[in-house]
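One structure is given here, and the rest of the page talks about it.
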Amino acid sequence: MTGGGLLIAGTTSDAGKSVLVAGLCRWLARHGVRVAPFKAQNMSNNSVVTADGGEIGRAQAVQAAAAGLAPSVRFNPVLLKPGSDRGSQVVLLGKVIGEVTALSYRERKAHLAATVLATLDGLRAEYEAVICEGAGSPTEINLRASDIANMGLARAANLPVLVVGDIDRGGVFAHLFGTLALLDPADQALVSGFVINKFRGDPALLDPGLRQLTALTGRPVHGVLPWREELWLDAEDSLSYAADGVLGRPAAPVGEQWLRVAVPRLPRISNATDVEALAGEPGVSVRFVTEPSRLADADLVVLPGSKSTVADLDWLRRTGLAEAITRHAAAGLPVTGICGGYQMLAATLHDPVESRAGTVDGLGLLDLDIEFHQDKTLANPAGAAFGHPVRGYEIHHGRPARRAERLAPLITLPDGTGEGVLHGPVAGTHWHGLFENDEFRRAFLRWAATQAGRTGFTPAPDTDFAAARAAQLDLLGDLVADHLDTDAVRRLLDSGAPRGLPAIPPGAPPSC
């Protein structure tokens, strides 16, 4: 018997699709339902490595955790990792299969659709419910003909659809109505209701609008989810992080001083979530920055990962951030690079793969050279750093080709070899997720504070990052249970879209 399926679509990117899918997975799992997440196609440079060495979008890994599952390539069969405004790397079932432009990708979608549908069918045969996440908006009328992630998927798999809109941005009723009204009648027949996200205030004030939306569309609003400022971990899109704003909700310092962390928000930043564990620490203020003055009062600079290391290195130079980072290190203040950020710290980078730029100068803060290889390193390694066991994950093409003997490793691997560098005030590693190791993170913060002369900073002794993430997933499950019409959700999973839903004009343009 095929398990029930439901597609969560959004009026825009970042409308709340990812968190609603995670919340539904958490709520269903609590009720003993065997549930799995699914996103046919994700465009994101925030990714993780599965146990079998594949690569999927980070949001699907979080949704899997909400369902009590380990990440699997089946939960995100197609991952697009943009390396420029026009080109992306294509990852199919966890493995890189090539590069595409926006136009050439349209031609490949037909071939990918078969894999997407077969993967979804397999999940529905195994699980009682599969909660699917759409991509962007389902009403991209220029893309509908080749769509495999939104209404194209819903039509092919006969999935009921809920459309979620972000009221905090304004215009939510126009967004919801317009999303429906620009779909063709066959697509509209699957749109079964709406959800409003991030509402602040008295829900009674919203009631007249909800009733009018239902009267206009013939579809109910199945819930109004309130704004909760605690929900900030594991952002799907790095654009969710406002430049120059403090990340998260840092508690007051345990000691007398704050530790101020600046993170350049690279144009092609990847795995920006690496610094969220730092931002979850009391007394640690983390800011994403885009210009050099923001480094003037920073104690620690963290250079994050990048999908386009050489291009983002050039951006650092053009913005003046590169010079500010080298001055910061020259003053004896700590700089740490992660993955692409680590590669930028090198003397040279030889890249015939991502940028095809050949050999370029790095920032020169570490006496090593990086060479990019066609095959991608994907791994979930373990080791020890600062005297504590650590785990992480690797996703990179670049590897050290030459390394000065005087450079001590940051991480010691089980076989006694080293990974990364710890040299004076400069540290670097290819490992993502390193800061999620609690004891290591505390030791790292003590090292950074010492290097920066922040003797009044004291790391909190009891921050548990895994517990903080689990608490956020529980909060999402609570929001679904308390503010969504869960009986209606159950009916959609059991019976599909209601029959006889009205079609709203004008519908999709004839050419679409």
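The values are calculated or read from the model by the stated rules, or taken from the named source; none is laboratory data. If you're wondering where the values come from, they're calculated on a predicted model, not measured in any experiment. So basically every Cβ, Gly included, is an ideal-geometry build from the backbone, and we count neighbours across all protein chains shown. All accessible areas refer to the heavy atoms of the entire protein, side chains included, with ligands and DNA or RNA removed. Shrake-Rupley method; radii C 1.70, N 1.55, O 1.52, S 1.80 Å.
Does Ala235 satisfy being at pLDDT 90 or above and of a type in the set (A, V, I, L, M, F, W, C)? Reasoning before the result, please.
Numbers: at pLDDT 90 or above: no; of a type in the set (A, V, I, L, M, F, W, C): yes.
Judged against the criteria, Ala235 is not a match.
If you go through segment 408-433 and keep only what is open to solvent by less than 10 Å² (accessible area, probe 1.4 Å) and either at negative phi or among the hydroxyl-bearing types (Ser, Thr, Tyr) (or both), you end up with Ile411, Val421, Val426, Ala427, Gly428, Thr429, His430, Trp431, His432. Taken over segment 35-66, the criterion of being more than 23 Å from Ser13 (Cα to Cα) and either modelled with pLDDT under 90 or of a type in the set (Gly, Ala, Ser) (or both) is satisfied by Ala51, Asp52, Gly53, Gly54.
A quick yes/no check of all residues on (1) surrounded by fewer than 15 Cβ atoms within 10 Å (Cβ to Cβ); (2) touching a strand residue (DSSP E or B) at 6+ places or on another chain (Cβ under 6 Å); (3) not aromatic (Phe, Trp, Tyr); (4) not in a helix (DSSP H, G or I):
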position	(1), (2), (3), (4)
Arg441	no, no, yes, no
Gly456	yes, no, yes, yes
Ala460	no, no, yes, yes
Ala470	yes, no, yes, no
Leu475	no, no, yes, no
Asp482	yes, no, yes, no
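Can you report the number of residues in segment 84-100 which are in a loop (DSSP other than H, G, I, E, B) and touching a strand residue (DSSP E or B) at 6+ places or on another chain (Cβ under 6 Å)? Quick ask: steps written out before the conclusion?
If we filter segment 84-100 for residues that are in a loop (DSSP other than H, G, I, E, B), which is where we start, we get 84-86, 93-94.
Now restrict to residues that are touching a strand residue (DSSP E or B) at 6+ places or on another chain (Cβ under 6 Å): 86, 94.
Here the count works out to 2.
Put simply, of Arg356, Arg399 the only residue that is of a type in the set (Lys, Arg), touching a strand residue (DSSP E or B) at 6+ places or on another chain (Cβ under 7 Å) and either under 20 Å from Leu345 (Cα atoms) or open to solvent by less than 20 Å² (accessible area, probe 1.4 Å) (or both) is Arg399. Just one of the numbered conditions (1) closer than 25 Å to Pro82 by Cβ; (2) surrounded by 21 or more Cβ atoms within 10 Å (Cβ to Cβ) is not true of Gly280; which one? Failing condition for Gly280: (1).
Surrounded by fewer than 23 Cβ atoms within 10 Å (Cβ to Cβ), over 21 Å from Gly305 (Cα atoms) and over 29 Å from the mean Cα position of the chain (by Cα): is that true of Ala404 in this structure?
Working: surrounded by fewer than 23 Cβ atoms within 10 Å (Cβ to Cβ): yes; over 21 Å from Gly305 (Cα atoms): yes; over 29 Å from the mean Cα position of the chain (by Cα): yes.
Criteria met by Ala404.
Checked against (1) hydrophobic (A, V, I, L, M, F, W, C); (2) part of a loop (DSSP other than H, G, I, E, B); (3) without any contact (Cβ under 8 Å) to a residue 40 or more places away in the chain, Ala466 passes all but a single condition, namely (2). Screening segment 101-115 for residues that are assigned to a helix (DSSP H, G or I) and open to solvent by 60 Å² or more (accessible area, probe 1.4 Å) and picking the one that is modelled with the lowest pLDDT gives Leu103. When you scan segment 408-415, do you find a residue that is under 24 Å from the mean Cα position of the chain (by Cα), among the aliphatic types (A, V, I, L, M) and under 26 Å from Ala467 (Cβ atoms), even just one? Within segment 408-415, none of the residues are under 24 Å from the mean Cα position of the chain (by Cα), among the aliphatic types (A, V, I, L, M) and under 26 Å from Ala467 (Cβ atoms). Residues considered: Pro506, Pro510. Of these, the only one that is part of a loop (DSSP other than H, G, I, E, B) and either surrounded by 15 or more Cβ atoms within 10 Å (Cβ to Cβ) or in contact (Cβ under 8 Å) with a residue 40 or more places away in the chain (or both) is Pro506. Every condition in (1) open to solvent by 30 Å² or more (accessible area, probe 1.4 Å); (2) part of a helix (DSSP H, G or I); (3) in contact with a Lys or Arg (Cβ under 7 Å, 6 or more places away or on another chain) holds for Gln60 except the one numbered (1). Number of residues in segment 136-193 that are among the charged types (D, E, K, R) and touching a Cys at 6+ places or on another chain (Cβ under 9 Å) equals 2. Scanning segment 307-321 for residues that are without any contact (Cβ under 8 Å) to a residue 60 or more places away in the chain and open to solvent by 10 Å² or more (accessible area, probe 1.4 Å), we see that the one that is nearest to Ser355 (Cα to Cα) is Val310.
With the requirement that a residue be closer than 29 Å to Ile97 by Cβ and not in a loop (DSSP other than H, G, I, E, B), what does segment 338-368 give you? Ile338, Gly340, Gly341, Tyr342, Gln343, Met344, Leu349, His350, Asp351, Gly358, Thr359, Val360 - these are the residues of segment 338-368 that are closer than 29 Å to Ile97 by Cβ and not in a loop (DSSP other than H, G, I, E, B). Selection of segment 116-160 for residues being assigned to a helix (DSSP H, G or I), touching a Ser or Thr at 6+ places or on another chain (Cβ under 9 Å) and open to solvent by 20 Å² or more (accessible area, probe 1.4 Å) yields Asp121, Arg124, Ala125, Ala145.
Of all residues in segment 437-454, one or more are within 30 Å of Val48 (Cβ to Cβ), under 23 Å from the mean Cα position of the chain (by Cα) and charged (D, E, K, R).
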